[in-house]
Amino acid sequence: MNGGALQFTLREWRDHFSEPLTWVIAGLVGSVLGLAGPFGTYHDFSPVELIAYWLAVTVSTYAVGLFFVALVINWGQARNWPNAPCVLLGGLAAGPPVTLVVLAVNAFAYGFGHQGTMRPLTLLGYCTAIALGVATAFTLLRRKQPDLLSSATEPVTGKSEAAPAALPRILQRLPHPQRGRLLALSVQDHYTQVVTDRGKPLVLIRLSDAISETAGVEGLQIHPSHWVAAHAVKRVLSRDGRMELELENGDVLPVSRSYAPAVRKAGFGS
């Protein structure tokens, strides 16, 4: 597992759990399970204890399970694997850690040495099956919303109602705090680093596809691994006979020989 997939997943996961809606939904699910008392737990606790138990199970297993599901799926998709094996591996990878989380909650709730209402292997089967369902839902939802974990919902006001439509598609993939003026795109491992005046988040997308989503921003590709917005170029540098572009944020990007003529034609360098 490479660092790019881990970094990307951690950022998605952190942004997802910073959303109040995530906690509201998890709380509702945990409360409903607490009122229902499935798997024999109804007889083991008082009503208040039962709700507290299922809230702990729901929140902790969702957090751990979603992380492992997203990590494996992101890693597989970065290598252009089909969705089916990504989903299968994601669910299988999440099953064991989720099981350990449930066992830990049970140890706290029932006392150490007590396995809860079912045997560990049976619990592993249930947890893996649920993780496979989460992996399937995660993949299906991401087809419709590529920034599933990291996207927040902005309040709609009269002044900004039309603003989201004006954003280049690549910026709509970013967490809201990092959506700013687009400066550059750069390849980072299997990801594209989207450089704005508010940050440098990673997006799971090929550079060529990212460039196609910059409509509305004038720019050009200067290297197999770099694209820059024209307004972001501060000055042209020459080091050892090689052209480089310094951006307004201080980043310096190389211009490859094959792209140099197009860069000069665009008015940068001589």
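The values are calculated or read from the model by the stated rules, or taken from the named source; none is laboratory data. Remember, predicted model here, so these are calculated numbers, not experimental data. Here the Cβ positions follow ideal geometry from the backbone for every residue, glycine too, while neighbour counts run over all protein chains shown.
Of note:
- Flag if GLY34 is farther than 30 Å from LEU6 by Cβ and in a helix (DSSP H, G or I): yes
- Extreme residue, nearest to MET118 (Cα to Cα), among residues of region 33-49 that are in contact with a helix residue (DSSP H, G or I) (Cβ under 7 Å, 6 or more places away or on another chain) and touching a residue at least 40 places away in the same chain (Cβ under 8 Å): THR41
- Test: residue in region 13-26 that is surrounded by 18 or more Cβ atoms within 10 Å (Cβ to Cβ), assigned to a helix (DSSP H, G or I) and of a type in the set (D, E, K, R): yes
- Residue match in region 192-207 (condition: over 28 Å from ILE73 (Cα atoms) and at pLDDT below 90): no
- Filtered residues of region 37-50 (kept if in a helix (DSSP H, G or I) and not hydrophobic (A, V, I, L, M, F, W, C)): THR41, TYR42, HIS43, PRO47, GLU49
- Count - residues of region 259-270 that are among the polar types (S, T, N, Q) and in contact (Cβ under 8 Å) with a residue 24 or more places away in the chain: 0
- Residues of region 203-237 satisfying the condition of being touching a residue at least 12 places away in the same chain (Cβ under 8 Å) and among the hydroxyl-bearing types (Ser, Thr, Tyr): THR214, SER225
- Per-region count, region 46-94, residues among the polar types (S, T, N, Q) and in contact with a Pro (Cβ under 8 Å, 6 or more places away or on another chain): 0
- Candidate set: region 63-118, residues that are assigned to a loop (DSSP other than H, G, I, E, B) and of a type in the set (S, T, N, Q); chosen: the one surrounded by the fewest Cβ atoms within 10 Å (Cβ to Cβ): ASN80
- Test result for GLN188, surrounded by fewer than 19 Cβ atoms within 10 Å (Cβ to Cβ) and in contact (Cβ under 8 Å) with a residue 60 or more places away in the chain: yes
- Residue pairs whose Cβ atoms lie under 9 Å apart, separated by 6 or more positions or on different chains, with the first residue in region 65-77 and without any contact (Cβ under 8 Å) to a residue 60 or more places away in the chain and the second among the aromatic types (Phe, Trp, Tyr), are PHE67/TRP13.
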